[in-house]
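Written below as structure tokens is the structure these notes are about.
All of the numbers you see were taken from the coordinates with simple rules; none came from a lab. From a predicted model like this one, the values you see are computed outputs, not experimental measurements. With ideal geometry, Cβ positions are generated from the backbone for all residues, glycine too; neighbour counts draw on all protein chains shown.
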């Protein structure tokens with residue numbers, strides 16, 4: 001759990017959260033504008049952008065901020081809550097959306113923390129990647145033809 005906000009900090013924290021969401025959406029818009037993005041990857045990025053703009057995620061996070069949570073904690077809580085709802089449904093497609101919500105939440109948190117995301121875009125030619133899990137956002141940006 002992060003730091004609890006004072007009442008006078010809440011409006012600024014909501015603005016900070018909204019700016020982070022806008023930054024994530026802009027990053028995804030830039031990815032969508034790339035000619036090198038395949039049609040399948042374009043669909044993935046567009047779906048992730050929709051999640052970033054979805055009122056259920058942003059509304060849940062803003063509600064938590066209004067309750068005194070910092071933006072990072074609020075984003076983690078909101079993404080986890082929505083992801084748990086998707087995971088609880090007996091549908092493989094919706095279960096996969098839980099991972100997408102978590103990925104978008106992670107992107108928002110990275111912006112809030114001023115940190116860069118680890119990117120597969122810069123892996124060297126001939127590299128072998130071993131991972132427990134690769135999210136849709138990372139996979140869509142990975143240079144798989146190298």
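Before moving on, here are some points about what is shown:
- Most fluctuating residue given options 62, 13, 121, as computed from a GNM of the chain linking Cα atoms under 10 Å: 121
- Angle between the chain longest axis and helix 71-88 axis [Cα atoms, degrees, rounded to 10]: 60
- Prolate/oblate/rounded label for the stretch 56-125 (Cα gyration tensor, a/c 1.5): oblate
- When each of the peptides 66-74, 94-102 is scored by how many other beta carbons lie within 10 Å of its residues on average, the order from highest to lowest is 66-74, 94-102.
- Against the main long axis of the alpha-carbon atoms of the chain, helix 39-53 sits at an angle near 0°.
- A Gaussian network model of the chain, with springs between Cα atoms under 10 Å, assigns the largest mean-square fluctuation among 30, 42, 18 to 30.
- Among (1) 16.1, 53; (2) 18.8, 66; (3) 18.1, 62, the entry that matches Rg and Dmax of the Cα atoms in Å as calculated here: (1)
- Cα-based helix-to-principal-axis angle, 55-66 vs the chain, degrees rounded to 10: 40
- Highest-MSF residue in the chain out of 11, 20, 46 [GNM, Cα springs under 10 Å]: 11
- Our note on the geometry: Cα centres of the stretch 1-56 and the stretch 62-79, 15 Å apart.
- When 4, 28 are sorted by how many other C-beta atoms sit within 10 angstrom of their C-beta, beginning with the fewest, the order is 4, 28.
- Placing a pseudo-label 7 Å from each Cα along the Cα-to-Cβ vector at residue 42 and residue 134 gives an inter-label distance of 2.2 nm.
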